[in-house]
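The values are calculated or read from the model by the stated rules, or taken from the named source; none is laboratory data. Keep in mind that this is a model prediction, so the values were computed, not measured. As a convention, Cβ positions derive from the backbone with ideal geometry for all residues, glycine included, and neighbour counts pool all protein chains shown.
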Amino acid sequence: MKLALMFSGGKDSCLALQKTMRMHDIVCLVSIISKNQESYMFHVPNIGMTKLQANCIGLPIIQKFTEGKKEKELDDLKEAFIEAKEKYKIEGIVTGAIRSVYQSTRIQKICRDLDLWCFNPLWLKDQIELLKELLDNKYTVIISGVFAYPLNERFLGRIIDKKIIGELETLGKKFKLNPAGEGGEIETTVLDAPFFKRKIEILDYKSSYNNNSGVFDISIAKAVKK
Amino acid sequence: MSELEFVKPIEDIIKKNGFSCLIKNYKHVSKEDVRKSEKIIISGTALKDFDYLKKNFSWLDDKPVLGICAGAQMIAKKFGNVLKDEEIIGKFKVKLTEENKLIGKKEFESYFLLSKIFITRKDLKILAFTNDIPVMFKHSNKEIYGCLFHPEVLNQEIILNFIISSY
């Protein structure tokens, strides 16, 4: 089946891509670039990197901009799916949704309206298992956003490794955080994965943190040989 | 693909609670598989998948069964009930109307991903409603249950109670 993947450039969409590639043809990526820093629907930090990531993966990407206003952003998403349907003849959409009923409900409804299949291969996946799967598959993933106490600037830009998974697991239990950030506590950016033909090298960045909220913003990056 | 989304979460609940399970595609279930099983859970599937409606699930016998979403539709159909197109997608309130072994709460929220409901009640005792639509049932004289919503998302106790209840 020809499918499009909702691509944020973060760990979940990349892992969903890897799982789907084993069974179906992912023919394009779809990214929504939201101006709303607090979007419940779309990943925000480093979303501008998705074009470079798509290039590294070797897949075409449809990028749509949205103001990020609550229901209007769904129309923008729908337009992107329509474009993918017309241009790449897709029969369905894949997402990296894990537990967000809010996000999943809205995407399922859009797919239903457009007569598209909707697949969520990470749905309800254990979050620590998910983080470990990234390590087992040799992903290079950095934390590009933290949005909940006690996650602070110390986490920004760090590569997800065994040590950080242990820290997130401990903090998750103590402060009732989702250790993989499914509740929006952290956002990530993937620099390399098994299906990347080239990997990403960060040349410049800006890290900012204030009031339990911070972003590691990649300002210059390039694709390099693996 | 749907296995990761609709079967794996149920498998995780079963295994995390110390039980074991055999996973089989409904198209390949044999009478021997059923004979060896204590209880059976029939999962849901993707919204655009209707293949299950072509099968008559002849292997269903007197073993306790919990049908989830498509699984519940299939059970209702198997006992001669009529299905009708009706889309319910998202989180909705469910009101319990009959006491049962699977859930004790009188009112709870559940996640629905559904495009068909049943409109007749042949051999079915209705246990719960959402906006006047029957969404949970038990067979009148068999330990066969159906939930049109997905308990693995917000009501995991239903699955656990089904597993641990003695019949």
Test: residue in region A:45-52 that is more than 20 Å from A:Glu201 (Cβ to Cβ) and touching a strand residue (DSSP E or B) at 6+ places or on another chain (Cβ under 9 Å)
no
Residue count, region B:67-89, condition more than 14 Å from chain A (Cβ to nearest Cβ) and in contact with a His (Cβ under 8 Å, 6 or more places away or on another chain), comes to 2
Qualifying residue in region B:33-43 (condition: closer than 19 Å to A:Arg99 by Cβ and under 17 Å from the mean Cα position of the chain (by Cα))
yes
Filtering region A:194-221 for residues that are surrounded by 12 or more Cβ atoms within 10 Å (Cβ to Cβ), more than 26 Å from A:Ala16 (Cα to Cα) and small (Gly, Ala, Ser) leaves a count of 2
Looking at (1) crowded, with 21+ Cβ neighbours inside 10 Å; (2) away from chain A (no Cβ under 14 Å); (3) touching a residue at least 60 places away in the same chain (Cβ under 8 Å); (4) not acidic (Asp, Glu), can you tell me which one B:Pro64 breaks?
(1)
For region A:142-170, what are the residues that are part of a strand (DSSP E or B) and over 22 Å from A:Ala223 (Cβ atoms)?
A:Gly145, A:Val146
Go through (1) assigned to a helix (DSSP H, G or I); (2) more than 14 Å from every other protein chain (Cβ to nearest Cβ) and name the single condition A:Tyr102 misses.
(2)
Hey, any hits in region B:82-90 for a residue that's in a strand (DSSP E or B), surrounded by fewer than 17 Cβ atoms within 10 Å (Cβ to Cβ) and in contact (Cβ under 8 Å) with a residue 40 or more places away in the chain?
yes
Mind telling me which of the residues B:Lys54, B:Lys36 ends up being away from every other protein chain (no Cβ under 13 Å), surrounded by fewer than 13 Cβ atoms within 10 Å (Cβ to Cβ) and closer than 27 Å to A:Leu3 by Cα?
B:Lys54
Kindly establish whether A:Gly96 is in the same structural domain as A:Met21 (by TED's automatic domain parsing) and either in a loop (DSSP other than H, G, I, E, B) or in contact (Cβ under 8 Å) with a residue 60 or more places away in the chain (or both).
yes
B:Leu22: passes all of (1) within 14 Å of chain A (Cβ to nearest Cβ); (2) of a type in the set (A, V, I, L, M); (3) surrounded by fewer than 16 Cβ atoms within 10 Å (Cβ to Cβ) but (1)
Out of the residues in region A:125-141 that are surrounded by 22 or more Cβ atoms within 10 Å (Cβ to Cβ) and either in a loop (DSSP other than H, G, I, E, B) or modelled with pLDDT of 95 or more (or both), which is farthest from the other protein chains (Cβ to nearest Cβ)?
A:Val141
Filter region B:6-22 down to the residues that are farther than 15 Å from B:Ile40 by Cβ and assigned to a loop (DSSP other than H, G, I, E, B) and list them by number.
B:Asn17, B:Gly18
Can you confirm whether A:Ile90 is out of contact with any Pro (no Cβ under 9 Å at 6 or more places or on another chain), in contact (Cβ under 8 Å) with a residue 60 or more places away in the chain, more than 12 Å from every other protein chain (Cβ to nearest Cβ) and of a type in the set (A, V, I, L, M, F, W, C)?
yes
